[in-house]
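S.K.: A single structure is presented below for examination.
The values are calculated or read from the model by the stated rules, or taken from the named source; none is laboratory data. Everything numeric in this text was worked out from a predicted model, so none of it was measured. As a convention, Cβ positions derive from the backbone with ideal geometry for all residues, glycine included, and neighbour counts pool all protein chains shown. Just the protein is used for accessible areas: all its heavy atoms, side chains included, with ligands, DNA and RNA removed. Shrake-Rupley method; radii C 1.70, N 1.55, O 1.52, S 1.80 Å.
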Amino acid sequence: MEEERRERGHPPLRDPAPEEGWQEGAAQAPPELAPPYIPPYTRGQEGGRGEAGLSGIPVAPPGFKSGFAALIGRPNVGKSTLMNALVGQKIAITSPVAQTTRNRLRGILSLPQAQIIWVDTPGIHKPHHRLGEILVHNAQAAIGSVDVVLFVVDGSVPAGRGDAFIAERIPSATPCILVCNKADLLPKESAARQAHQESYQALRPGAPVVWVSALDPGSLAPLIQATVDLLPPGPYYYPPDLVTDQPERFIMAELIREQVLLHTREEVPHSVAVTIDQVEETPNVTRVLATLYVERDSQKGILIGKGGERLKQIGQAARLQIQKLIAGKVYLELFVKVRPHWRRSEHLLRDFGYRVET
């Protein structure tokens, strides 16, 4: 890390002073789930940080169920927020920007009677570049490779053409739950709520309907039980203490990209890719070096801001989120580079981790 920093003309790394924004103490525990909440993200017993060590997988008891449940739906219906609530910890980034989710992300919920692997997917939309094509392909591929589909819709509005487009792509033989999110926006007995539900039921006749609010973990127990009911008998796929199989570096990069989405507007959010270049652990601090890639010099200027102020804000906010992830102190340094038309380049898309999944 030090050699790369010297090549870029930066001073040596050091432990940040307390006035630079340290947060002392362990991260706050995530909200409780009912049924049982499982401990937060772990780094695995073997293989070092970021590798989901698969030692310690117990033998499933008689009658145990397990399987994969994909969250499918239009952009911005709340799939990632729902995923975080289902596992009881933030592993998927969220923002008001459409197409925030770019990768198929797995969240693991281990219960006494079942293990559910939730699969968060990019929102299915009409793509405008190669990156968009990959995202839509991967989302559609997930539909055919899971045991249960959670068709997530915005229950506060009636079904639209985008919902119908997705419903047509769910195989009739695949068990499906219609998940009406944002239940908090409509009274339970309202005529509007009933009408919206009927419009979605027409897209998937016979599918069980569950109303939830991704912002209220206490509302999720019926959805969890409905999913367990549809799972086949099976083993533990992961150790019960894991909540995701993604490496820690991936989640670090996503937490940084989330802050870009929250702090920038205009054309910047969709044009940013993040890579984690170096992670250096010491007894007192984890030092992280990351690069943000954009497509144009103008976007670089927007991202950095006047006097570097916006990039500093992004870095400070992302650092606090990463500290919650690893429950330790973090020193984060960000760089910005221009890679013209990276969203259309197969080579750069692969370098940034965007690949066609099967």
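S.K.: Which one of these is surrounded by fewer than 18 Cβ atoms within 10 Å (Cβ to Cβ), β-branched (Val, Ile, Thr) and either at pLDDT 95 or above or at negative phi (or both): Val228, Val179, Val157? Lay out the reasoning, then the answer.
M.R.: On the way: Val228 fails: surrounded by fewer than 18 Cβ atoms within 10 Å (Cβ to Cβ); Val179 fails: surrounded by fewer than 18 Cβ atoms within 10 Å (Cβ to Cβ).
Of Val228, Val179, Val157, the one residue that is surrounded by fewer than 18 Cβ atoms within 10 Å (Cβ to Cβ), β-branched (Val, Ile, Thr) and either at pLDDT 95 or above or at negative phi (or both) is Val157.
S.K.: For Tyr293, work out the one condition from (1) out of contact with any His (no Cβ under 7 Å at 6 or more places or on another chain); (2) open to solvent by less than 60 Å² (accessible area, probe 1.4 Å); (3) part of a helix (DSSP H, G or I); (4) not polar (S, T, N, Q) it doesn't fulfil.
M.R.: Here Tyr293 clears every test but (3).
S.K.: Now a separate question. Filter the range 62-72 down to the residues that are surrounded by fewer than 24 Cβ atoms within 10 Å (Cβ to Cβ) and in contact (Cβ under 8 Å) with a residue 12 or more places away in the chain, then identify the one that is farthest from Arg106 (Cα to Cα). If you could, list the steps in order and put the result at the bottom.
M.R.: Filtering the range 62-72 down to residues surrounded by fewer than 24 Cβ atoms within 10 Å (Cβ to Cβ) leaves 62-68.
Cutting the leftovers down to in contact (Cβ under 8 Å) with a residue 12 or more places away in the chain gives us 63-68.
Values: Gly63: 24, Phe64: 20, Lys65: 17, Ser66: 14, Gly67: 12, Phe68: 9 Å.
Looking at the filtered set, the residue picked out is Gly63.
S.K.: Criterion first (under 30 Å from Ser110 (Cβ atoms), surrounded by fewer than 21 Cβ atoms within 10 Å (Cβ to Cβ) and touching a residue at least 60 places away in the same chain (Cβ under 8 Å)) does Val285 satisfy it? Walk me through how you get there before you give the answer.
M.R.: Values: under 30 Å from Ser110 (Cβ atoms): no; surrounded by fewer than 21 Cβ atoms within 10 Å (Cβ to Cβ): yes; touching a residue at least 60 places away in the same chain (Cβ under 8 Å): yes.
Considered against the rule, which asks whether it is under 30 Å from Ser110 (Cβ atoms), surrounded by fewer than 21 Cβ atoms within 10 Å (Cβ to Cβ) and touching a residue at least 60 places away in the same chain (Cβ under 8 Å), Val285 comes out as no.
S.K.: Still on this model: Could you count how many residues in the range 301-358 are in a loop (DSSP other than H, G, I, E, B), at negative phi, open to solvent by 20 Å² or more (accessible area, probe 1.4 Å) and at pLDDT below 90? Quick ask: steps written out before the conclusion?
M.R.: Looking only at the range 301-358, we keep the residues that are in a loop (DSSP other than H, G, I, E, B), and these are 305, 327-329, 339-341, 345, 352-358.
Still in the running and at negative phi: 328-329, 339-340, 345, 352, 354-358.
Those left that are additionally open to solvent by 20 Å² or more (accessible area, probe 1.4 Å): 328-329, 339-340, 345, 352, 355-358.
Subset that is at pLDDT below 90: 328, 345, 352, 355-358.
Total satisfying the criteria: 7.
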